[in-house]
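Quick notes on the structure that follows.
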Amino acid sequence: EPPDVPHDFSCQTPDMKKIICTWSQGGDTYLYGQHSTKYTFFEEFSQKLIPCTVNCSKQCSCSWDINQQRVYNITLTVENSLGKKTATDAFDVTHRIHPSAPSELFGHCLDTKIVLYWKHRNKGIKLFCQTEVLHPDGKAELHNSSSTHLEHASITLGGLQPYTQYSLRVRCGAAQHFWRWGEWSKAQTFRTEEASPSGKLDIWREITTVLGGRNVTLFWKLTPSFRANGRNISYEITWEKVEEDSKPEHISISSVYNSTRIFIDNNPYKIRVVAKNNVNYSLPSVMIIPGATGNSSTENELSIPGLKEDEVTGADDGIFLSWKPRNTYDGYIVDWCNFPGLQPCDLQWKRFGPHDSSALITSASFVPGVRYNFRIYGSVANTVSLLEKKTGYLKELPPTLDPPVKKIHLTFHAVTLSWDSYPTTALQPGFIRGYHVYVSPVQEDCSLKESKKYVLPDGSVLCKYAIENPEEKRYTVKHLRPNTKYKLAVKAYTGGGETPIANFIYIETPFDSNILYLLGLLVIVPSVIAALCHWKMKW
């Protein structure tokens, strides 16, 4: 086949010493040996052939040394025995500078900046360079540096984070008659120097009254604005009495922990928590623990008289809380346990602003059928006060255990059932809303007065009674027939419903002797009267 037209034919210089021309190779001509494709370069202004050796791999290229000539009009001819094609490129070589990649990158690192140096291979050419700063999160920033014709160039990169690793690389273009960027240098990795931790820790506490004082469990976590800015992080906890001139107590905790327990007496205390690295300390996070009366029956903030625990409902993605806003506080804190049945319970907390009055609390640890307790605090001047308590489920489930029913009284026409020991506590997978009592004669469908019909999957009909008070744990079923076998069941229900009836209890109402007496009166008395009448008539 004849050769293709040389596409993308273009010439450039990396250093004003050599011209390099490149073009796309085109399709296979299937001609070999003396019939294979040949290339010639002709310069129109000088009317001379340019001697150069063509090399084709991914694309074709050819280069030659520059003489005193600056403006060129190059014609490339591609030819084989079946035809030839040409391409031209006219250019001023000073407008076609494509610098080589910078080399020998090295830097001087400070805590928030890096002074980066590199070496040019393009001596005597004024260059305009660009530095790419690749951040740890993958974000890339480009910084331009002023033109230079020196062998070594530099740029100061500021606004960096302390003790952070950055990847840097450089490329350059001609400062005069810019044509295109040169190749990137090899990327080099640098780490900025350490600095004091920035920001504060978010601290919280849990107070337990013990003999002679209180155990305070302190928790801390990193805020979005906190940065360690160095190695060898530890946490320093200091506490001292607020009202007396006392010597502060102090402990240091390794960075692998995010909580510790301290003991304080019943005086008010100020607690400070800071992060420390090799350079210095962070700003302190401060908490005031008010004084206590020492009376354990009134000290526990979870049992404040008159503070009720409100029920809350879950949503698909969390548990919704709301509270009454008070303008005396500069913020609110909500805390809860991710695992209420365990110790430690993985205490969590979240802070809200002074104008917030509701929140959707989310956690990957929340599961259906577990009751979570929330405490809402108001915060002012580093002191917190418990305001409200909430309790609820991500999703309520039906009770897993049926009430343990006992028959406490049975008459000819009624039976009283009791399940006093059935718990309605947080161990249940939902709030117990009430109970349903089911009853039916063993041999037939039920149709008792004051009841609703309930049809089982097998089609049999039960009588159903509803008790809507979860603390009412006894019920009397009336209007029964004497001398009859009945089956009964009691089911507790929650906001998640109730489980299907699996087991019944069976009773049999006693035989009513009054019926025999009445039957006797109805049969014997008329018989006697008839006999007397017959005797009298005969007499």
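The values are calculated or read from the model by the stated rules, or taken from the named source; none is laboratory data. Note that this is a predicted model, so its numbers are computed, not measured. Ideal geometry is used to build each Cβ from the backbone, glycine not excepted, and the neighbour counts take in all protein chains shown. Accessible surface is based on the protein model in full, side chains and every heavy atom, while ligands, DNA and RNA are left aside. Shrake-Rupley method; radii C 1.70, N 1.55, O 1.52, S 1.80 Å.
Before moving on, here are some points about what is shown:
- Restricting the calculation to Cα atoms, every distinct pair contributes to the Kirkwood radius of the range 405-512, found to be 14.4 Å.
- With the biggest extent put first, the Cα atoms of the range 103-191 measure 38, 22, 20 Å across the principal axes.
- Angle of helix 513-538 to the longest C-alpha principal axis of the chain, folded into 0 to 90 degrees and rounded to 10: 30°.
- Simple rule: put +1 on each Lys or Arg Cβ and -1 on each Asp or Glu Cβ in the chain, find the dipole, and look at Val216, Leu105, Ala489; the Cα lying farthest toward the positive end is Ala489.
- Rolling a 1.4 Å probe over the protein chains gives Glu508 an accessible area of about 90 Å².
- Cα-based Rg of the range 147-204 normalised by 2.2 N^0.38 Å, two decimals: 1.73
- Residue ranges 160-173, 102-115 sort as 160-173, 102-115 when ordered by packing (mean number of other C-beta atoms within 10 Å per residue, highest first).
- Residues of the range 123-142 with amide N under 19 Å of the 7 Å Cα→Cβ point at His177: 123-129
- Cross-link reach list, aspartates and glutamates versus Lys308, counting only Cα pairs under 12 Å and skipping chain neighbours closer than eight places: Glu388
- Normalised Debye scattering of the chain at q = 0.09 Å⁻¹ gives log10 I(q)/I(0) of -0.89, counting only Cα atoms as equal scatterers and leaving out solvent.
- The range 396-498: trypsin sites (Lys or Arg not before Pro) in DSSP coil with no more than 10 other Cβ atoms inside 10 Å: Lys449
- Along principal axes, Cα extents of the range 7-95, largest first, whole Å: 39, 27, 19
- Calculated FRET value between Ala364 and Glu508, using beta carbons and R₀ = 41 Å, to 0.05: 0.15
- Straight Cα distances below 23 angstrom link Lys247 to the lysines Lys270, Lys276, with same-chain residues fewer than 8 positions distant left out.
- Protein accessible area in the chain, 1.4 Å probe - carbon and sulfur %: 52 percent
- Each label was represented as a point 7 Å from its Cα along the Cα-to-Cβ direction; for Asp458 and Ser10 these points are 8.6 nm apart.
- For the chain, size of Cβ-based charge dipole, Lys and Arg +1, Asp and Glu -1, in debye: 780 debye
- Flagged links, alpha-carbon separation over 18 Å, of Lys221/Lys350; Lys17/Lys126; Lys464/Lys487; Lys453/Lys478; Lys241/Lys350; Lys407/Lys449: Lys241/Lys350; Lys407/Lys449
- FRET efficiency for Phe42 and Ser167, using Cβ-Cβ distance with R0 set to 56 Å, rounded to 0.05: 0.75
- Residues of the chain: accessible area per residue with a 1.4 Å probe, Å²: 57 Å²
- Only aspartates and glutamates eight or more places from Lys406 in sequence, or on another chain, were considered; those with a Cα closer than 15 Å are Asp420, Glu472, Glu508.
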